[in-house]
């Protein structure tokens, strides 16, 4: 296979892991800021075209949007059709990983709720089992942490950057805007989006790392 059809060989998974680690630390440090950022967003300070641009950016993090973007990649650049499984794994795998974490850590979504302290939003470990109601595992209202949209957006951004390195900063901006959209809609706290982004980096990094899960995609799908 032509070198241009494969993963960018300048890709450094260690850099992605490092960014993920920094985002994880930032998520912890963001807890004291969560309520202040929430209040700022509730005031509707961001308005006009910028607000609309942020709203539209959800397409980069939503399942249908991600599918449409990757379909467009394959249609416009048929060389990348073998890379589709890896890119899907980076984006949707990150989302799945976040959903597993949500089952372990219960946290109320901000939306219309009022909190005196940020810790009031947490509902303890494995709330479905603690409450004896397995149906809680499907309750979106207590699945704020981490953000699945942020994880999916970052996973997609990393995947696209691996094959189109020239656009890495553009993809990063799209992922950041998609994460900001979750704050603007009061669907997540700041720490939720940072934690989701950290998980997105980890999963996508593993999928693209030739020494980790990436070697499976190299051999099974991309014929390396």
Computed over the chain, the relative contact order (Cα-Cα under 8 Å, seq sep at least six) in percent reads 34 percent
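Restricting to DSSP H runs of at least four residues, report the calculated mean residue ellipticity at 222 nm for the chain, -39500 (n - 2.57) per run over all residues, nearest 500 deg cm²/dmol.
On the way: 10 runs with 134 residues, N = 224.
Helices in the chain give a 222 nm mean residue ellipticity of -19000 deg cm²/dmol.
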Sort 196-207, 110-121 by packing, meaning the average of other beta carbons within 10 Å per residue, with the highest value first.
196-207, 110-121
Need one number: nm distance between label points at residue 96 and residue 138, each 7 Å from Cα along Cα→Cβ, rounded to one decimal.
2.0 nm
Using mean Cβ contacts within 10 Å as the protection proxy, how do 63-71, 20-28 order, highest first?
20-28, 63-71
For the pair residue 68 and residue 40, the simple spin-label estimate (label points 7 Å beyond Cα toward Cβ) gives in nm 3.0 nm
Can you tell me which of 87-94, 145-152, 213-220 comes out highest on packing, and rank the rest after it, using the mean Cβ neighbours within 10 Å?
145-152, 87-94, 213-220
In whole Å, largest first, what are the principal axis extents of the Cα atoms in the stretch 33-80?
46, 23, 15
What are the extents of the Cα atoms of the chain along their three principal axes, listed from largest to smallest and rounded to whole Å?
58, 44, 29
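At 0.36 nm per residue, and after removing the present C-alpha to C-alpha distance, how many nm does the segment from residue 113 to residue 12 gain when stretched out fully? Don't jump to the answer; show the numbers that get you there.
Working: separation 101, 0.36 × 101 = 36.36 nm, distance 4.18 nm.
Extra length available between residue 113 and residue 12 comes to 32.2 nm.
No value in this document is a laboratory result; all are computed from the given coordinates. These figures come from a predicted structure and were not determined experimentally. Neighbour counts are summed over all protein chains in view; Cβ atoms, including those assigned to glycine, are modelled from backbone coordinates with ideal geometry.
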